[in-house]
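Read through the structure below, which is laid out as structure tokens, and then see the notes.
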Amino acid sequence: MQLHGRTILLTGATGGIGRALARSLAEAGAQLLLVARDAVALEQLGHALPCAGAPHRTLAVDLTQADAPRQVQAFCADVPLSVLINNAGTSELNFLQDTLPETIERQFALNLTAPVLLTRLLLPQLLRQESALVLNIGSAFGSIGYPGFSVYCASKFGLRGFSEALRRELADTGVGVLHVAPRATRTTLNSERVVAMNHALGNAMDDPLHVARQVLNGIERDRRGTVVLGWPERLYAVINAVLPAVTDRALRKALPVIQRFARQSS
Ligand SMILES: NC(=O)c1ccc[n+]([C@@H]2O[C@H](COP(=O)([O-])OP(=O)(O)OC[C@H]3O[C@@H](n4cnc5c(N)ncnc54)[C@H](OP(=O)(O)O)[C@@H]3O)[C@@H](O)[C@H]2O)c1
């Protein structure tokens, strides 16, 4: 898909990956509809981005609120929407028994329920285009269950399943579904504890711009299905699907280190 002149809705636009995506998409000539909660940050981002045609627009909304999908639908009702990027997300390192119920609900609401409801409401608009795309930003933890992230993993496994089923449901339409799953990335999503844990375990962390480039590459090459970013994470995802006991053993060895960092908060 050529991005020049396309209208693209991007949630989580002010975050680490969101900003990198917004810049890359704007540089490619897309008109952006930017969504997050912080109105000031959104305004500043909108003004700072290069603009090829129609000005970028912003909407400050909490996507976990019941009326949010309707607000987003109204926000983009008058534009030819070509791409919906469900990118907003949240995560917390904690063992399940130390996780508050409201933290569990927030992760499911933002990482899974919001993309599903938003996609449902915006699909009629996307279907009016000759070609359109739903792009869900998942996680390598949507393919590999990781200790300390059981709730986040559950939400991202859910998003991957949703993306796969929807892609098959829309197979005879012009709307494609792409699910991109980054590995750990240097953004404020990850607390200092997570960064320190990744360091201790030797887990690589990507630059958000690298992730944005891979996402753009996926859009421009009309990729469909799931793309796990990073090596060896892509291989680990396959091994985990075929031989989960191998991953069990590797993560059993890492468990004391993960426990040390996870328990720092509880
Ligand atoms: N960073 C990583 O290591 C990593 C790895 C794999 C996958 N991912 C995925 O990549 C995506 C982007 O992550 P990121 O690292 O860029 O996160 P981030 O830097 O924490 O940014 C999160 C974005 O979501 C917005 N947001 C948060 N809560 C919201 C809410 N209730 N309603 C509306 N917007 C909300 C934030 O803006 P406001 O606070 O202003 O609302 C911000 O724009 C997420 O889906 C994440 O799961 C990240």
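With respect to Ala196, determine if the residue is at negative phi and either in a strand (DSSP E or B) or away from the ligand (no atom under 12 Å from the Cβ) (or both).
So Ala196 fits the description; yes.
So Arg213 passes all but one of these: (1) over 17 Å from Ala13 (Cα atoms); (2) part of a helix (DSSP H, G or I); (3) more than 14 Å from the ligand (Cβ to nearest atom); (4) touching a residue at least 60 places away in the same chain (Cβ under 8 Å). Which condition number does it fail?
With respect to (1) over 17 Å from Ala13 (Cα atoms); (2) part of a helix (DSSP H, G or I); (3) more than 14 Å from the ligand (Cβ to nearest atom); (4) touching a residue at least 60 places away in the same chain (Cβ under 8 Å), Arg213 is out only on (1).
Of the residues Ala140, Ala132, which is in contact with a helix residue (DSSP H, G or I) (Cβ under 6 Å, 6 or more places away or on another chain) and more than 16 Å from the ligand (Cβ to nearest atom)?
Ala132
Mind listing whichever residues of region 148-175 are under 24 Å from Ile8 (Cβ atoms), away from the ligand (no atom under 12 Å from the Cβ) and in contact (Cβ under 8 Å) with a residue 60 or more places away in the chain?
Passing the criteria: Ser163, Glu164.
Here are some residues: Ala77, Ala171. Which one is within 25 Å of Arg221 (Cβ to Cβ) and at pLDDT 95 or above?
Going through Ala77, Ala171 in turn, the sole match is Ala171.
Hey, among Pro124, Pro115, Pro69, Pro80, which residue is more than 20 Å from the chain's Cα centre (by Cα) and either on the phi > 0 side of the Ramachandran plot or surrounded by 14 or more Cβ atoms within 10 Å (Cβ to Cβ) (or both)?
The unique qualifying residue is Pro80.
Can you tell me which residues in region 64-79 are of a type in the set (A, V, I, L, M), under 23 Å from Gly53 (Cβ atoms), outside any loop (DSSP other than H, G, I, E, B) and in contact (Cβ under 8 Å) with a residue 12 or more places away in the chain?
Residue satisfying the conditions is Val72 alone.
Of the conditions (1) of a type in the set (Val, Ile, Thr); (2) in contact with a helix residue (DSSP H, G or I) (Cβ under 7 Å, 6 or more places away or on another chain); (3) within 16 Å of the ligand (Cβ to nearest atom), Ile239 fails just one. Which one is it?
(3)
Arg183 - would you say it is charged (D, E, K, R) and under 25 Å from Leu251 (Cβ atoms)?
Considered against the rule, which asks whether it is charged (D, E, K, R) and under 25 Å from Leu251 (Cβ atoms), Arg183 comes out as yes.
Hey, Leu33 hits all of (1) away from the ligand (no atom under 13 Å from the Cβ); (2) within 15 Å of the chain's Cα centre (by Cα); (3) not acidic (Asp, Glu) but one; which does it fall short on?
With (1) away from the ligand (no atom under 13 Å from the Cβ); (2) within 15 Å of the chain's Cα centre (by Cα); (3) not acidic (Asp, Glu) applied to Leu33, the lone miss is (2).
What's the number of the only condition in (1) farther than 22 Å from Leu32 by Cα; (2) open to solvent by 10 Å² or more (accessible area, probe 1.4 Å); (3) within 14 Å of the ligand (Cβ to nearest atom); (4) in contact (Cβ under 8 Å) with a residue 60 or more places away in the chain that Ala88 fails to meet?
All conditions pass for Ala88, except number (1).
Conditions first: (1) open to solvent by less than 70 Å² (accessible area, probe 1.4 Å); (2) within 12 Å of the ligand (Cβ to nearest atom). Glu43 passes all but one, so which condition is the exception?
Every condition holds for Glu43 apart from (1).
Would you mind finding the one in Thr7, Thr58 that is over 30 Å from Ala262 (Cβ atoms), more than 8 Å from the ligand (Cβ to nearest atom), open to solvent by 20 Å² or more (accessible area, probe 1.4 Å) and hydroxyl-bearing (Ser, Thr, Tyr)?
Unique residue meeting the criteria: Thr58.
Give the residue that is surrounded by the fewest Cβ atoms within 10 Å (Cβ to Cβ), with candidates limited to residues of region 233-244 that are within 14 Å of Ser139 (Cα to Cα) and of a type outside the set (A, V, I, L, M).
Within region 233-244, the match that is surrounded by the fewest Cβ atoms within 10 Å (Cβ to Cβ) is Arg234.
The values are calculated or read from the model by the stated rules, or taken from the named source; none is laboratory data. Predicted model only: the values in this text are computed from it and were never measured. Note that we place each Cβ from the backbone using ideal geometry, even for glycine, and neighbour counts take in every protein chain shown. Note: accessible area is taken over every heavy atom of the protein model, side chains too, but ligands, DNA and RNA are not part of it. Shrake-Rupley method; radii C 1.70, N 1.55, O 1.52, S 1.80 Å.
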